[in-house]
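First the structure, in the form of structure tokens, and then the observations on it.
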Ligand code: HXC
């Protein structure tokens, strides 16, 4: 439970969160609801959406759930339109939907590479583009979740590194193009965060201790660490922050994200 920020810092805001049912962005969605925002969440998986909606509503929040694949522009447009119709506005968009698996570059198929780029990079663009009119009206903001894998180089992650580099480029470009409409566009680059699908898929259990020793703060991140960064960037405390991707990784990338 987050205790750093006041309960009402996002009161009156409507937040649309992709990948908002589970993992890091699932946590961000719940944190935004606790901070007073009304939530709209999307995911490909109906079951995950139902569970998250129930969790948020039982905690006293509001949650509108709509299944959509961020690769499908028409589906994204429909989800945004339904959210705007339901709540009458959209103030915050969080792009968290992401694909990942470990694969050596020389074994990765073109479709495998393209699938992750389509989910992460094209999906982020699709959602930003479809939400533009609503964000322009609300002078809202975008938060893109990327990673630090591409700052140096991370073996078996060429597809994700390329995709997340694209996400960071979208953050910078949109911050410049849409700042004139009062829309702030920022990002968060999480490091290794425990209790996430990403870590389950990416980290073999026997490598956990080795990785921990390579993190300057000597611990994995918690979903709550990302929630706190997201709450700060989404709040008025960050009113003059635009075009920034905030690294939340305990200093890990400075020592390299490769375990080799
Ligand atoms: C090699 C793989 C593969 C694997 C899929 N592909 N899994 N290639 N190794 N393990 C290839 C397939 O062979 C296929 O190519 C292509 O990718 C598409 O696969 P599909 O299964 O048809 O696609 P789809 O169901 O649309 O999506 C698959 C997926 C997705 C991208 C793997 O299910 C997924 O990523 N789910 C995980 C969600 C997740 O964990 N999100 C958190 C991300 S964490 P061919 O050529 O055979 O057709 C994150 C943080 C990173 O991003 C930072 C950490 C520090």
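The values are calculated or read from the model by the stated rules, or taken from the named source; none is laboratory data. Not measured: the values here are computed from a predicted model. Quick reminder, even Gly has a Cβ in these numbers, built from the backbone with ideal geometry, and neighbours come from all protein chains shown.
Looking at residue 29, is it at pLDDT 95 or above, out of contact with any helix residue (DSSP H, G or I) (no Cβ under 6 Å at 6 or more places or on another chain) and more than 18 Å from residue 127 (Cα to Cα)? If you could, list the steps in order and put the result at the bottom.
On the way: at pLDDT 95 or above: yes; out of contact with any helix residue (DSSP H, G or I) (no Cβ under 6 Å at 6 or more places or on another chain): yes; more than 18 Å from residue 127 (Cα to Cα): no.
No; evaluated as a whole, the condition is false for this residue.
From the list 7, 69, the lone residue that is surrounded by fewer than 24 Cβ atoms within 10 Å (Cβ to Cβ), more than 23 Å from residue 182 (Cβ to Cβ) and within 16 Å of the ligand (Cβ to nearest atom) is 69.
Each residue in the range 66-79 was checked for being under 19 Å from residue 136 (Cβ atoms) and in contact with a strand residue (DSSP E or B) (Cβ under 7 Å, 6 or more places away or on another chain), and 1 of them qualify. Entry remark, the range 5-17: residues being out of contact with any helix residue (DSSP H, G or I) (no Cβ under 6 Å at 6 or more places or on another chain) and either part of a strand (DSSP E or B) or at negative phi (or both) number 6 in total.
Of all the criteria given as (1) surrounded by 19 or more Cβ atoms within 10 Å (Cβ to Cβ); (2) more than 17 Å from the chain's Cα centre (by Cα); (3) not in a helix (DSSP H, G or I), the one not satisfied by residue 60 is (1).
List the pairs whose first member sits in the range 129-152 and is farther than 25 Å from residue 240 by Cβ, whose second member is part of a helix (DSSP H, G or I) and more than 16 Å from the ligand (Cβ to nearest atom), and whose Cβ atoms are under 7 Å apart, counting only residues at least 6 apart or on separate chains? Partner pairs satisfying both residue conditions: 130/77; 130/80.
Out of the residues in the range 24-39 meeting the condition of being assigned to a helix (DSSP H, G or I) and touching a strand residue (DSSP E or B) at 6+ places or on another chain (Cβ under 7 Å), tell me which one is farthest from the ligand (Cβ to nearest atom).
So the first thing to find is which residues in the range 24-39 are assigned to a helix (DSSP H, G or I), and the list is 24-34.
With touching a strand residue (DSSP E or B) at 6+ places or on another chain (Cβ under 7 Å) added as a condition, the list becomes 24-25, 28-29, 32-33.
Numbers: 24: 8, 25: 9, 28: 13, 29: 15, 32: 19, 33: 21 Å.
The extreme case among them is 33.
In the range 40-60, of all residues being in contact with a helix residue (DSSP H, G or I) (Cβ under 7 Å, 6 or more places away or on another chain) and within 21 Å of residue 146 (Cα to Cα), the one that is nearest to the ligand (Cβ to nearest atom) corresponds to 43. Figure legend. Inter-residue proximity from the range 239-260: first residues farther than 20 Å from residue 153 by Cβ, second residues part of a loop (DSSP other than H, G, I, E, B) and modelled with pLDDT of 95 or more, beta-carbon distance below 9 Å, spacing 6+ or different chains. Indicated pairs: 242/183; 248/191. Just so you know, in the range 196-209 the residues that are within 12 Å of the ligand (Cβ to nearest atom) and loosely packed, with under 14 Cβ neighbours inside 10 Å include one that is modelled with the lowest pLDDT, and it is 201.
Of the candidates 257, 245, 212, the single residue that is buried (at least 18 other Cβ atoms within 10 Å of the Cβ) and out of contact with any strand residue (DSSP E or B) (no Cβ under 6 Å at 6 or more places or on another chain) is 257. Among the conditions (1) at pLDDT 95 or above; (2) out of contact with any helix residue (DSSP H, G or I) (no Cβ under 8 Å at 6 or more places or on another chain), the only one that residue 159 does not satisfy is (2).
Sort out for me the strands (runs of 3 or more DSSP E) sitting completely within the range 77-192 that have 3 or more residues that are away from the ligand (no atom under 16 Å from the Cβ).
On the way: elements: 92-95, 141-145, 184-190.
Filter on the range 77-192 gives 184-190.
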